[in-house]
Structure formats: C-alpha cells, structure tokens
Amino acid sequence: MTDRLTATTAPYTIGVPPFRPGEEADFGGAFKEQPGDLWRPDPATCTADDSAPHARGLLRVLNDAGEAKGEWDPKLDASELIQGLEYMMRLRIFDDRMIKMQRTGKLSFYMRSFGEEAVAIAQTMALENQDWVFPSYRQPGAQFVRGRDMVSMICHCIGNTEDNVRGRQMPVHYTYKEGRFISISSPVGTQFSQAVGVAMASAYQKKDEVCISWLGDGTSAQGDYHYALNFASTFKPPVILNVVNNQWAISTHA
C-alpha cells in the first residue's frame, strides 16, 4: 500500500485529498494484495504485534472475480447473502426517500449512510440478539437486522404521535429498546465510552453479552475515543470498537 496515493505523506500536516467526490479516482491500478495474504489471528489471544500488518496493509476477502477466498471467507450460504443484500437495499431506498423529504422541508434534519450500509448491517447480522448496539448516525441499518420496520423509523424522523421517543430526540437519533439499539447521540464519539462501560458491566455480571460500536475517522480526534480505548485495553471487556475510515469529518476531509 505504500505506493498508493494518500491525502498526506508527512506528519502534522493537513493533507489535500488526491480526489474529490464526483471526480474519477485512480489509486494506482489493480490491487496487488490477494485474499490470504494476511492471516486471520485469534481475536481472543492475538497481540498488537500480531495484528500490526492488518492495520497497515489491505485485507481482502473477495478476489478479482468477486469470490470469497482464504481464511477470511465467512462461508455464508445463499439465504444469508440475500438477506444481507435486502437489508442494504432497503436502507439505500429509505435514505433516498428521507433525504428528499428533508430537502423539500418535510423533515428538519437527516443524515444518510450512503456507501456505508454494509458496515453495520453485516456486523449486526453476525451478533446474537442479546448483544448491545451503540451506533453513530451512520448505522441505522442495524435496526433492520434487529426487526424494526421503516414506518416506525419514519415516525421518529417526523416526530409524530407514533414516534417511540415522543419527539424527545432529533430526527435520525434513533433508539430501539426491543433490539438493544442504544440511542444515537449528537456529540460524536460518546457511544464508544458507553459501549465499553456496558461491556465491563456485562463481564462483571458474567452475562453472555457483547457490545459493538462505531465511529468515523474524524471522531477519533475526540476524547471519548481515547478514553474508550484506554479502558478497553486495560479491562479487556467483551466489546467490538470500529473506526470507519470514510476519510470525512462531518463535511470536511479528515
């Protein structure tokens, strides 16, 4: 990956992205990395050194023909693949409709998950129903996996009498108690600390539960990100913390 174009090659500088949305991007040709180049470490026993190549390299599951190969092949059957695709398509359609409502003044606020649909949906599908979901505003698709319907989500965004929080939250700040989907918060990054705290409590009470949370790379500048990593690395609770590197922070390139 060292020969690929990046936003910045020097530390302590504000990089200039090589491509902007709408421009044709060229990252140096076809990928040289192949499925199987990076091994699959045991998440329960691996050390930071074991996973360092994964942080610096490119981990591929699909080959150039679109086939899952190597240790990272999840061995999903056709029904699981179709279900995951249906969730993602549903979210894409939902986002498209809701952003049009916002742009025409029918909603006060809306944020899309365009291009990130698979991030939360695939991971939530891999969890058990008793596991806790601590989302940012880019992971509403996890609610589909947990059984929430679009009408309920629309009612929340509109803030009508069927809104499950009775208008006490901004649009897109979903919460879904039945699916253990914790309320989205406007201050970015708070969900990381909350996820670690609940995971610590679950471990203390010897419950068979896992917590999962996400944030964007821009939010990694927030204190909550570092607090969460500090406590997670010290107490090692059952928590999955994801940094979604979409290279944007709100509306500014990170």
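At-a-glance table
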item: Within the chain, helix-based [θ] at 222 nm, where runs of 4 or more DSSP H residues each add -39,500 (n - 2.57), nearest 500; result: -10500 deg cm²/dmol
item: Straight-distance crosslink candidates among lysines, where the alpha carbon sits under 27 Å from Lys236 and sequence neighbours closer than 8 are dropped; result: Lys177, Lys206, Lys207
item: Calculated FRET efficiency for the pair Asp73/Phe114, C-beta based, R₀ 22 Å, to 0.05; result: 0.20
item: Convex hull (Cα only) mean projected area of region 151-254, reported in nm² to one decimal; result: 7.6 nm²
item: 10 Å binning of all Cα-Cα separations within region 191-241, expressed as whole percents from 0 upward; result: 29, 54, 15, 1
item: Neighbour-count ranking [beta-carbon atoms within 10 angstrom, fewest first] of Glu80, Glu67, Glu209, Glu24; result: Glu24, Glu67, Glu80, Glu209
item: Within the chain: Cβ-based charge dipole about Cα centre, in debye rounded to nearest 20 (Lys, Arg +1; Asp, Glu -1); result: 960 debye
item: Segment Trp39-Glu162, extension gain: residue separation times 0.36 nm, minus the distance between their alpha carbons; result: 39.4 nm
item: Trypsin sites (Lys or Arg not before Pro) within region 161-226: DSSP coil, no more than 15 neighbouring Cβ in 10 Å; result: Arg166, Arg168, Lys206, Lys207
item: Antiparallel content of DSSP bridges confined to the chain, in %, to 5; result: 30 percent
item: DSSP loop chymotrypsin sites (Phe, Trp or Tyr not before Pro) with at most 15 other Cβ within 10 Å: longest gap in the chain; result: 115-254
item: The chain, relative contact order [Cα under 8 Å, separation at least 6], %; result: 12 percent
item: Rg ratio (alpha-carbon, reference 2.2 N^0.38 Å) - region 97-140; result: 1.44
item: DSSP H segments from the chain that extend 15 Å or more along their own axis, Cα-based, with Kyte-Doolittle mean of 0.5 or above; result: 190-204
item: Under the Debye formula (equal points on every Cα, no solvent term), log10 I(q)/I(0) of the chain at q = 0.17 Å⁻¹; result: -1.62
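Coordinate-derived values only; no laboratory data. Source: prediction; values computed, not measured. Cβ coordinates were reconstructed from backbone atoms using ideal geometry, including for glycine residues, and neighbour counts include every protein chain displayed.
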